[in-house]
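The values are calculated or read from the model by the stated rules, or taken from the named source; none is laboratory data. Keep in mind the model is a prediction, meaning the values are calculated, not measured. Here the Cβ positions follow ideal geometry from the backbone for every residue, glycine too, while neighbour counts run over all protein chains shown.
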Amino acid sequence: MNTFLSKWISISFLNLFLVAFLGFILRYKILFYLPFSNQRYILHSHSHFAFSGWITQSLMVLLIYYLSTKIGEQVFKKYRPLLYANLICSYGMLITFMFQGYGLLSISFSIFSILVSIAFTSYFWVDLKWIQKKAVSILWFKAALAFGIISSIGALSLSYLIANKITDQNWYLTSIYFFLHFQYNGWFLFAGMGLLSDKLEFLIHERKKLYTIFYLFFFACIPAYFLSILWLPFHIIIYLILIVAVISQLIAWAIMLNILSKNRIEISKQLSPQGKTFLILSAIAFTIKLILQSGSIHPSLSQLSYGFRPIIIGYLHLVLLGVTSIFIIGYIISFKLISSNKLVIKGTIIFVAGIIINELLLMTQGVAALRYTAIPYINEMLLAAAMILFIGTITIALGNLRSIK
């Protein structure tokens, strides 16, 4: 087992455990009194650490490992300081957002985190040139890194608005959704698709189709941002471009599913049985995400859904947990990047069960909210779902530590 991978994946799993713990605290505070804590501050800490300490840290590790398989393990030494820097920034945001919300220290750590991402992008972009055999995965990675940097515009804009106490709701929401869109549908999605394409490209003979999938997703990414802000008035041309972008993504995903279906036997031979199941669940979650996204293209439906908090939270958790988190864990287990024992598998199953329960509850709460109907004991049930997620993550972390020992 690669010592670099075992160490940094263990750190990522620890960070996932902390994310789940904060999620449990947020649910607990809705029902019970918890002194010396601010709900909004904990929410900021939870979300920032989830993005930087769990998803971004994990993707960085996996991308560095990808490089090592192409140009040699000397890259580990080069990127190790950047991983530590991102980790320091992540824990800095975890602590400072919890105690001061958007303040001088938390915003400073956020800015340093962006600078680390820029440095990582610069290094990785240059190192991709050393890969002799050009592949479609390189395009995915370059786009992922570019969209990750673009997303920082939204984060910086939001920090500026809060620091200067500018309360314009439209600017506030457009900044938040700008950051979220280019993280979720840019950095997270394209990095994951790059890792997947790298495995598929040399396993099956579908290179032209893989390139088609990339270009359809790439050219749809920027206009798809407007799906998040459909309550604003748009010219009819922008709306038509948006429809084309949504259709492009559906076509691209249909092509990918067709490739996976036709070559399922060859692909299955390369995956562990448990890992394959987790990747299938991630694909199902992504399909649901695209369907919901397509439905939101109708302005009235979009305005209705964005007016109810449970629907927004459910959708964001669907992407962050159902699509991205399950994919990362499934990818790690599928290609045996760690020695996954029974405890890691059990923990992942518990974690996935918690995600499914949490999503069903949030969506039920959201649909009920549309009809202004209250669901009895919904907060208690959501707290139980958060507890299941928490138990799943601590089981994964402990199982991974046991396998290393």
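Selection of the range 59-96 for residues being touching a Phe, Trp or Tyr at 6+ places or on another chain (Cβ under 6 Å), surrounded by fewer than 22 Cβ atoms within 10 Å (Cβ to Cβ) and either among the acidic types (Asp, Glu) or modelled with pLDDT of 95 or more (or both) yields 82, 92.
Kindly establish whether residue 214 is touching a residue at least 60 places away in the same chain (Cβ under 8 Å) and of a type in the set (Phe, Trp, Tyr). Yes: the conditions hold for residue 214. Looking only at the range 368-384, residues that are touching a residue at least 40 places away in the same chain (Cβ under 8 Å) and under 24 Å from residue 292 (Cβ atoms) come to 4 in all. Taking each residue of the range 126-149 that is free of Cβ contacts under 8 Å to residues at least 60 places away in the same chain and looking for partners that are outside any helix (DSSP H, G or I) and aromatic (Phe, Trp, Tyr) with beta-carbon atoms closer than 9 Å, six or more apart or interchain, yields 133/202.
Listed here are the helices (runs of 4 or more DSSP H) enclosed by the range 170-274 that have at least 3 residues being of a type in the set (Phe, Trp, Tyr), surrounded by 14 or more Cβ atoms within 10 Å (Cβ to Cβ) and out of contact with any strand residue (DSSP E or B) (no Cβ under 8 Å at 6 or more places or on another chain): 207-221. Within the range 277-290, residues that are touching a residue at least 24 places away in the same chain (Cβ under 8 Å) have Cβ atoms under 7 Å from residues that are assigned to a helix (DSSP H, G or I) and of a type in the set (Gly, Ala, Ser) in these pairs: 278/330; 279/330; 279/334; 282/330; 285/322, counting only partners at least 6 apart in sequence or on another chain. Criterion applied to 108, 175, 117 was being over 25 Å from residue 207 (Cα atoms), of a type in the set (S, T, N, Q) and in contact (Cβ under 8 Å) with a residue 60 or more places away in the chain, and the one residue passing it is 117. A count restricted to the range 7-18 and to residues that are among the polar types (S, T, N, Q) and under 12 Å from residue 344 (Cβ atoms) stands at 1. I'm checking my understanding of the structure. Among residues of the range 203-228 that are in contact with a Leu (Cβ under 8 Å, 6 or more places away or on another chain) and aliphatic (A, V, I, L, M), which one is modelled with the lowest pLDDT? So the residue we want is 227.
Summed over the range 1-15, residues that are of a type outside the set (A, V, I, L, M, F, W, C), in contact with a Leu (Cβ under 8 Å, 6 or more places away or on another chain) and in a helix (DSSP H, G or I) total 1.
If you check residue 36 against the conditions, is it part of a helix (DSSP H, G or I) and either closer than 17 Å to residue 187 by Cα or among the aromatic types (Phe, Trp, Tyr) (or both)? Considered against the rule, which asks whether it is part of a helix (DSSP H, G or I) and either closer than 17 Å to residue 187 by Cα or among the aromatic types (Phe, Trp, Tyr) (or both), residue 36 comes out as no.
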